[in-house]
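Sharing a structure below in structure tokens format, with a few things to ask.
What follows draws every value from the coordinates through simple rules; no lab data is involved. Because the structure is a prediction, the values reported are computed rather than measured. FYI the Cβ positions are ideal-geometry reconstructions off the backbone, even for glycines, and counts take in every protein chain you see.
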Amino acid sequence: MRYLTLLASLMCMALSVSAAKADRRVAFVVGNGNYKNVAQLPNPPIDAKAMASTLRNVGFEVIEGSNLSRDQMTEKLLDFGRKAQGSDIALFYYAGHGIAVSGTNYLLPVDADIKSEMDVKLGAAINIDLTLEQTMGDAKVKLVFLDACRDNPFAAKIKSNAATRSVNVQSGLAEMKSGEGTLIAFATGPGQTALDGQEGNNSPFTRALIDNITKPGIEIQQAMTSVRAQVNEETRKGQLPWGHTNLTGSVYLNQAPTTQVANAAPTASGMVPTATGSDGVELEYWRSVKESNKPEELNAYLSAYPNGQFKALALARLAAIKSGPSTATRALNAGVDPATFTDEATQVTEDQIGLDKGKRRDVQRRLTALGFDTQQTGAFNDETRSVLKRWQTARGYPSSGYLNKHQHKALLSEIVAAPATASDTSQKAARRAASAPAQGSAPAPQQRSNPGDAAGAAFVGGVVGGMMGGMFRR
């Protein structure tokens, strides 16, 4: 029976791997800001970088670019079109200047120098409708996000050089209709202008996209409802994203388990509750606050569920926050920059560190060596984000699941037990053989290890981290 169960598990794993490989996702992500002939936009390249990282984290192959000329954009679009053929999800994201002329929308490369309507239509700008049709036409699902609804920087020139004054040059972008299997989202409504946000930060629309579209188990249309609400609130009702959808099914960029909530916190009896009915709502609420360092969030759960199934855990978490980090944790935190305990990390701050695949794998290796087990894949998936939260909580840092430069530096400063090399192993074996007693003789008394031994210190650091990590496991 045991072997049948193992065989069934292996078959399920194989099917899951096949399904993951079959789900092909391709994204075009470009942010243009350093315009040569009109006012520059500081944030689109930052927006594009953050969006590209967000999409890679959920399995997209990203064709990415910033501050592209007409020729460079064409090259990227051709690459995107080739790779998007027959894909399961093709996603198009653009931040920068866009214009609407006579009801047609165009994207502007950074070298655009438009003096007339003829310049627009003969290739100085990129026709959005034609681009989407040619690059994403046969993808099963097509998602389009345009953070380009700004004032037309060439409007005055186009109007002054028009053969007739009837040429229609709009503010913002013109309304677009989506074809079958397509969702189109603008930063604001047709004919209106969107905010670029504070310099050096993401625009309100892009920030809301990053916050919502890859949440686990959230369908894309539900996510866009949250995006609209977030932008509307952040801009004090000054900007409301607009969209048109013709999707024929549910689309998830980060699919969650459907039968049972993965890694759910156990109840006092040790059972893991399933997400059904009102219990599922309470479970999701608890999962959203259980690793928080903010007492008000835990108290909000207790107010909503005064006799909830996680009441004891919430009270214990509050007590832990009140008493502060343990003595062992305080020792680990000695010498750590004080900003590490106050500055909350986000996707943007993590992108600023510049972690490539090798450095991400190093982060995962260090977490595992400290007792916060995670797969060392070089990709920060939901499992790694959850492990990062546990490590942050254990150290008293703001728990977000992302890193900033202070937290990354703190992690690198922690002692991690390095795996023994082949030469180390052979040398230890030789020493053991040399010191082994002869057959029949009494065993030699055990010698104490040298406290100053660097390897011993590394091992102790790893054990301490492992014990602490275990305390904060779900």
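For the peptides 67-73, 95-101, 52-58, what is the packing order when you average, over each peptide's residues, the other Cβ atoms within 10 Å and list the highest mean first?
Packing proxy ranking, top to bottom: 95-101, 52-58, 67-73.
I need the calculated FRET efficiency for the pair Ile321 and Leu130, taking r as the beta carbon distance and R₀ as 41 Å, to the nearest 0.05.
Result of the calculation: an efficiency of 0.15.
Let me ask something else about it. Rounded to whole Å and ordered largest first, report the semi-axes of the equivalent ellipsoid of the range 36-117 derived from its Cα gyration tensor (root of 5λ).
For the range 36-117, the ellipsoid semi-axes come out as 25, 16, 12 Å.
I'd like the GluC sites (Glu not before Pro) in the range 172-227 restricted to DSSP loop residues with at most 13 other Cβ atoms within 10 Å, sorted by number.
Glu180, Glu199
What nm distance separates the two modelled labels at Glu175 and Ala229, each placed 7 Å from Cα along Cα→Cβ?
Spacing of the two 7 Å Cα→Cβ label points: 2.6 nm.
Long-range amide H contacts for Val62: which residues qualify at under 5 Å (H placed 1.01 Å from N, peptide plane, sequence gap of 5 or more or a different chain)?
Ala27
Give the calculated FRET efficiency between Lys357 and Met118 to the nearest 0.05, with a Förster radius of 51 Å applied to their Cβ-Cβ distance.
0.65
Which order, highest average first, do 41-47, 247-253 follow once you tally other Cβ atoms within 10 Å for each residue and take the mean per peptide?
Going from most to least packed, we get 41-47, 247-253.
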